[in-house]
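Before any comments, here is the structure.
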Amino acid sequence: MSSFGCLSAESRGRDIEEKSCPVRTAFQLDRDRIVYSNAFRRLKHKTQVFLSPLGDDFRTRLTHTLEVAQIARAIARALFLNEDLTEAIALGHDLGHTPFGHSGEIALREIYSADFSHNEQSLRVVEILENNGKGLNLTFEVRDGILKHSKGFGNIIPEDPAEKACTYEGIIVRIADIMAYLNHDLEDAIRSGVLEVAQVPDSCSAILGCTHSERATTMIRDLISTSAVIDDELCLRLSDEVHSAMMHLRQFLYDNVYRSPNVHKDFEKSKKILSELYHYFLDNTPMLEKKLEDLQVNSGCHDDQPKERIVCDFIASMTDRYALNLYKKLFFPSPLV
């Protein structure tokens, strides 16, 4: 491993000290805890971009997570960094994502708090909500990488030290996240008919490639070959050409996919569903406690928590399917038999 890699033996440790595993390193143990968590399993039924797609080939939040992990691990291996730490961060980065993708996240900002963010919720999942309120007791480096993976529409590679993960592995996951969604969201948009291939900017295709494989290969290789050691620091960077093409493609997706009429229409529907569920459970404590137990979110961690915070945790933990079925059960009339 490169001297820039984060050794598990030099981890800042866990909040609760544990006896080390004789077989797995600390970061391998973190990875396994994430994979076996309830929140990880629920990702398979959470939207990436398109709400409850009928086709089996569309990405879900789980397949997005796996693609991020693969890209991040490939980069970490090429740069001789810690692959296990990179993989653990990547697999845990979206555990707190809401149902209905970013539409659900925006909805919770409106109905719960303007400060709600899926990356902070992901951290809350691994620190508090999982394991009957005990959390997963992950290492500091994995938790830090999960918290700082999200960029919104900010820089691909952060310049503000406050936005940077404390490890190079964490920064790589942040970059891999955008590499993954630029590729698969474009592919899914074309598959769904929201976009046509001819609409993709020629400048992006000329530089990045015309297929998922070509684009991914270009982005990954460019990061690996352009990154360099400067003043005894590893400088992770993209070439100006590839960086510009990625920024252009991201703007294109925002304008033509994420804010498209079809996607926005589903956003309005999902916002209505989550808003009505949120206010219903604010007023129905017994039902809330039962449903929290069903999702294995109920725990001592909710003692002395504001009711709004508890309901937010419940809503954010739902899968799309669970939210739709619960909404139907609570608000649709039941036919007489």
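The values are calculated or read from the model by the stated rules, or taken from the named source; none is laboratory data. All of these numbers come straight from a predicted model, not from anything done at the bench. Note that we place each Cβ from the backbone using ideal geometry, even for glycine, and neighbour counts take in every protein chain shown. The accessibility values were calculated without ligands, DNA or RNA, using every heavy atom of the protein model including side chains. Shrake-Rupley method; radii C 1.70, N 1.55, O 1.52, S 1.80 Å.
Accessible area per residue for the stretch 127-203 is 37 Å², calculated with a 1.4 Å probe on protein heavy atoms, without ligands, DNA or RNA. Backbone geometry of the stretch 10-15 corresponds, through the Karplus equation with coefficients 6.51, -1.76 and 1.60 at θ = phi - 60°, to 3J(HN,Hα) couplings of 9, 4, 6, x, 10, 4 Hz, x marking Gly and Pro.
Once the Cα-Cα distance is subtracted from the 0.36 nm per residue extended length, the LEU66 to GLU289 segment shows a gain of 77.1 nm.
Note on GLU159 and HIS248: with the Förster distance fixed at 22 Å, the Cβ-Cβ geometry gives a FRET efficiency of about 0.65. For the stretch 83-133, a simple Cβ point-charge model (Lys and Arg +1, Asp and Glu -1, everything else neutral) yields a dipole of about 260 debye relative to the Cα centre.
Classification of the stretch 209-255 by its C-alpha gyration tensor yields an oblate form. The axis ratio a/c (a ≥ b ≥ c) is 1.5 or more, and b/c is at least a/b. To put it simply, the accessible area of the chain at a 1.4 Å probe is 51 percent carbon and sulfur. The residues neighbouring LEU274, those whose beta-carbon lies less than 12 Å from its own, together hold a net charge of -1 under the Lys/Arg +1, Asp/Glu -1 convention. A simple spin-label model places the labels of SER3 and ASN132 4.8 nm from each other, with each point 7 Å out along Cα-to-Cβ. Post the alpha-carbon centroid distance, the stretch 186-208 to the stretch 210-244, in whole angstrom. Cα centroid of the stretch 186-208 versus Cα centroid of the stretch 210-244: 21 Å apart. Between ALA76, ALA189, ALA206, the GNM of the chain built on Cα springs shorter than 10 angstrom shows ALA206 fluctuating the most.
Go through LYS134/LYS265; LYS44/LYS148; LYS269/LYS291; LYS271/LYS307; LYS19/LYS134 and tell me which ones have a Cα-Cα distance over 27 Å in this structure. As for pairs spanning more than 27 Å Cα to Cα, those are LYS134/LYS265.
Scanning residues 5 or more positions from THR98 or on other chains, those with amide H under 5 Å from its amide H are GLU105, with H placed 1.01 Å from N in the peptide plane.
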